[in-house]
Amino acid sequence: MSNKRRTFLKNTGLGLLAVSLVRPKTKSINDSSNKTKIDQSACEMTTTDYFGEGPFYSDNPPEISEYIQGSESSKGNPLVISGRVLNLECSEYIPNTIIDVWHANHQGQYDNTGFNFRGFTRTNDQGFYLFKTIVPGKYLNGTDFRPSHIHFKVKPPNFPQLTTQLYFEGDDKIPGDAAASIDSGTFDATNRIIPLNMNSTGVMEGQFDIVIDGNGISVGTQEIHLNTGMIYSASPNPFQNSLTIKYGVFKKSKVGIKIYNVEGIEIAELEDRIMSAEKYEATWNPSKYLQPGYYFISISINNVQVHYVKVLKE
Ligand SMILES: [Fe+2]
């Protein structure tokens, strides 16, 4: 679909149709004809890691069950990593992308005989993925410890895979690491060093959105860069009976606030109407039978999802 056609659909209120279309691959990151549409500062391709897959990959890992990576009896600080897989322009999210992850245990050891802390998950219908694990320990690489890291192989349907590594802000081993310290060029690790925040249950949480060559479902061009609206907070998090969502609309537009479960199934719609530029608050009082677990709250502007946050139901 051309960008003109896409704009037309959005402007005539038929954007919902555009959102449901899968666009054939027609351009690449080198296609200068599309560059005016890209906010390069906000949408950057996820880079490969200088160390590639490293020496400890095992073929044919199992599928991660119940979003839990590694055995539940494992020691270590609980960690949840989640994010979204997007195409190179951040204009489409990519469902059914295989996210194959492996990492060391809390003592910095890999399981090289079994599959503890090795497994794959998939992005859901909304392009989201999530897995629960522990903060990996550090291991010696020569005479120096490598920073804590998680290895990823990201496999979007019908496109080449990306092999990379994820690091964590504040890790004192990053500056001395040959891969994690690279801050420009092909192996630039800057956007793969993410902050971790501890939630009120003591679980560390991090968000890693992955930008990769692939085909997905339109989220629109530019709007994902938060210039039309965003969610400021969803609290308390974790929540039990009630969740308050604070968000902003920056231009008069059709606004949707929806809640998806971890499988990408829409389970609630809190707003769906024309709203003027303002700050708003919505309250969600889900059924008492709502399953504990993670949920994604998304805001859409003119039928284009522009922002999301993740919350935990206890
Ligand atoms: Fe490693």
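The values are calculated or read from the model by the stated rules, or taken from the named source; none is laboratory data. As the structure is a computational prediction, the values presented were derived from the model and not from experiment. Here Cβ is always computed from backbone atoms with ideal geometry, including for glycine, and neighbour counts include all displayed protein chains.
The table below lists the values:
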| quantity | calculated |
| --- | --- |
| The range 272-314 - residue that is aliphatic (A, V, I, L, M) and free of Cβ contacts under 8 Å to residues at least 40 places away in the same chain and, of those, nearest to LYS246 (Cα to Cα) | ALA282 |
| Filter result for PHE152 (of a type in the set (A, V, I, L, M, F, W, C) and either in contact (Cβ under 8 Å) with a residue 60 or more places away in the chain or more than 19 Å from TYR93 (Cβ to Cβ) (or both)) | no |
| Every residue from the range 91-103 that is touching an Asp or Glu at 6+ places or on another chain (Cβ under 9 Å) and either within 12 Å of the ligand (Cβ to nearest atom) or on the phi > 0 side of the Ramachandran plot (or both) | ASN96, TRP102 |
| Residue in the range 245-261 that is without any contact (Cβ under 8 Å) to a residue 24 or more places away in the chain and either over 20 Å from the mean Cα position of the chain (by Cα) or in the same structural domain as PRO95 (by TED's automatic domain parsing) (or both) present | no |
